[in-house]
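One structure below.
Please treat every number below as a calculation from the coordinates, not as lab data. Note that the structure is predicted; figures quoted are calculated from it, not measured. Positions of Cβ are generated from backbone atoms using ideal geometry, with glycine treated the same way; all protein chains shown enter the neighbour counts.
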């Protein structure tokens, strides 16, 4: 409990910290073009919660939002819910359906694609879990008994369609990993040989295309043009994010704005848009659909920011204990960008993409002297707070099951920032 | 004219030749499991015209169909229409729109993707041309003046949507070429260095994904669930065809049925389904949509069969003058499969995927002794005939422009089988 309490405390601290506001802005104060430090419009708050070109918020108003989020959260401040157990049965059904979808009449590719599902993603099933919890969290207006039936029977049309969204999301995610592996010439992923390394680029590209094509067919079968548009946009964002990472100018590499936009495209868009699709299929009004979108977006951003930190620290808090894979590939992430604000000398090293001998050590040295890691963690915590706030803003429900699922979503947003791997 | 006449004569010969029926069946008489040589149901005729597991037809009835097709065709037996000129303006608009769609805010990939459009496909623009001609051919019920306006103004909603289908089709086609290049580790395509060779697998996969994602977004924006389903199915077919080619048993490699199915998936499905999408958007009834589908399917099959022949003969009629790229990659195509019916000794060579020294020469020797090349050409001509027959079966139109476009589609089906490159 102590550990948990200190985490919550940490979260409060993040919300009320003035420094963390700079972190959120990703801009030093001097770059605030309007100097609006004492007020913020509703529009700007919305900007923070939604996908915008850049993040822009006033520190005082932000304090209030953060406080409110924390305050609401503390109402159900009890032992964390195991989110997996709440939808375990459905995740099993979903995994089996995914497998049978993959094991087509052509076993060789089935094996190849299943390989990825088995070793990597299926163990975590993070995305489908979030989406199923989101689906349950939005069964508003359904009496307790009906919600129970929904959970047990799983035969309702709407729920089946939401499960389909979860499947499609997972297929798109795995397909993008497969193609990214080819792009990166990666030889390992999650400790096991990546598919393209083990079986060649041929099969990795083909397996990715296979999953994308199955996702397209499944998506089309939903016959919902709005949902088709949302998930098509995700495909576009995934590619745009990859392009932004591959091809950028020195100025872009040093920009927090650019980094956050790329991170949204590469990681958060899939969660944001699929959460919105779940809400749409639940027949929720536009405001609730946007809250679902905001949850997915902020959860995705928090997740990626923590990933970026862990790439430097690994499971420990010490610098250089991570795999350092980003920096080795010349990719600049949040910790370095925050360090750059304190040590402009990092510009040269970044512009050289850390390619000169000693560049990586030099970057780590500056990072160690700076507040970079702490600020990146703060920014992650702020996005996790926004995610929690979105769920807390859902229309009230009397169903205990719905409440439990919402609690699980909020807990997940915290787990994302406290994870060590 | 003599040349053209002899081609038409050739076509008549194909339709009335008993041998050509075997060629169409892809099965020697002894393998006819039902022995139905004197009658054929309407269902079976439909099977020939549509995508089925295998091709099966009675020779006498087929003779009638063939004769009818030729007879109808001879009504407009005059100088061939230049199909390109009929839709040249629109093709230009379409190419520009494609280019501006590709030249996004990230120029590097724009250049990479445009590279492919410039050097290869844009020169021919075969698929968009067919689709725009199909669109014009199905402007039934619109008076002559309106059809003229349609051609000149190009601003009508329906026509814009059909142009969008043509664009999407082209994007899917180019994306599949880009990914196939990675799959095949191809170092050239159409005589120029393939994109993956010149710029690495990274960019080829990414450029393909980029086009697919743009195609998905464009498709979703049409907000037509049936069209989305048709073109999603195409994506699935392209992958299935590639898988069938990559992973097959000895028995499958020797099967004409398997070969034709793979050819449909890899080549004809895109034309078939996009032609159907054009008809759907034109608001045509189901029967006409199926005729449009049949045209695309048969044109695609004829195109690929001729490609398979040219891989052996090149621009000449002599064996071994082509690039022999299929056989070098161990891929068995129609000419070899027909030769196999006469020379079962080819089984061993095929099973070894032509890998033993001398295998390719041995295969060419058997092919030279056999009727393989001629039968493959016959089969191509038959599918071209079916394609023409589908267009001739469209509901009558009084519009000269519509008639001209239909004539162009029929002429194209003939050009496909008489082309030498």
Give me the distance in nm between label points sitting 7 Å out from Cα along the Cα-to-Cβ direction at residue B:89 and residue A:89, one decimal. 6.4
Given points 7 Å out from each Cα along the Cα-Cβ axis, report the residue B:223 to residue B:342 separation in nanometres with one decimal. 5.9
Please work out how much length the chain gains when fully extended from residue A:400 to residue A:418, using 0.36 nm per residue of separation minus the C-alpha to C-alpha distance, in nm with one decimal. 3.8 nm
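So for A:275, A:405, fewest C-beta neighbours within 10 Å to most, what's the order?
Least to most surrounded, the residues fall as A:405, A:275.
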How big is the stretch A:250-296 in terms of Cα radius of gyration and Dmax, in angstroms? 13.7, 45
Would you kindly work out, in nm and rounded to one decimal, the distances from the label point of residue A:362 to those of the same position in each other copy, ordered shortest first, with label points 7 Å along Cα-to-Cβ? 6.3
Taking a temperature of 20 °C and a viscosity of 1.002 mPa s, what whole-number D in µm²/s does Stokes-Einstein yield for the stretch B:241-323 with Rh from Kirkwood over alpha carbon pairs? 151
Using only Cα atoms, locate the centre of the stretch A:270-316 and the centre of the stretch B:346-421, then give the distance between them in Å, rounded to an integer. 52
Calculate, axis by axis, the spread of Cα positions in the stretch A:269-421 along the three principal axes, and write the results as whole Å, longest axis first. 60, 26, 23
Per-peptide average of other Cβ atoms within 10 Å, ordering A:360-373, B:282-295 highest first: B:282-295, A:360-373
